[in-house]
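What follows is a short report on a single structure.
The values are calculated or read from the model by the stated rules, or taken from the named source; none is laboratory data. Predicted model only: the values in this text are computed from it and were never measured. A quick note on method: Cβ atoms are made from the backbone with ideal geometry, for glycine too, and the neighbour counts reach across all protein chains shown.
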């Protein structure tokens, strides 16, 4: 069961997603990273009021993580997009690239079911840059890796 609503944390309006998980053994607060929402995971028998009290007790941590989120950049011709710690100019070149679905001024559905083809040893040999931009918002901490040559397919 998933419930979404807006709440105030430390004077800031935040989208809250409350999710019950049969596998959860304890209360958990997560920042998914794809937007400015906060996820509260509740074990099956936990009271929602206990979960909200737990979330409020972690308000400082939540606000710190939300502040570290990168600012949103409009995806439009001429926009400057940060990639690997460097700004890159976005240019539309007609007739090339993969079509995307745009809803409300945002890319809603990029390439789905991407397949990367090749030999893993060759991929490691073709790494041309590794970013020091460690992303620590989620459970997996990783920087950007640029591979100069790779086969990518998707629909």
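Could you check region 1-18 and list, in sequence order, the residues that are buried (at least 16 other Cβ atoms within 10 Å of the Cβ) and touching a strand residue (DSSP E or B) at 6+ places or on another chain (Cβ under 6 Å)? Spell out how you get there, then give the answer.
Applying the first criterion (buried (at least 16 other Cβ atoms within 10 Å of the Cβ)) to region 1-18 yields 9, 14, 16-18.
Hits for region 1-18 are 14, 16, 17, 18.
Looking for whichever is over 21 Å from residue 140 (Cβ atoms), touching a residue at least 24 places away in the same chain (Cβ under 8 Å) and not assigned by TED's automatic domain parsing to the domain that holds residue 134 here; the options are 62, 29, 18, 38. Which one fits? If you could, list the steps in order and put the result at the bottom.
Details: 62 fails: over 21 Å from residue 140 (Cβ atoms); 29 fails: over 21 Å from residue 140 (Cβ atoms); 38 fails: over 21 Å from residue 140 (Cβ atoms).
Answer to the check: 18.
Right, residue 138: surrounded by 10 or more Cβ atoms within 10 Å (Cβ to Cβ), at pLDDT 65 or above and under 18 Å from residue 35 (Cβ atoms) or not? Before the answer, list the steps.
Values: surrounded by 10 or more Cβ atoms within 10 Å (Cβ to Cβ): yes; at pLDDT 65 or above: yes; under 18 Å from residue 35 (Cβ atoms): yes.
The answer is yes for residue 138.
What's the number of the condition residue 122 fails, among (1) modelled with pLDDT of 75 or more; (2) more than 27 Å from residue 36 (Cα to Cα); (3) assigned to a loop (DSSP other than H, G, I, E, B)?
The number of the failed condition is (3).
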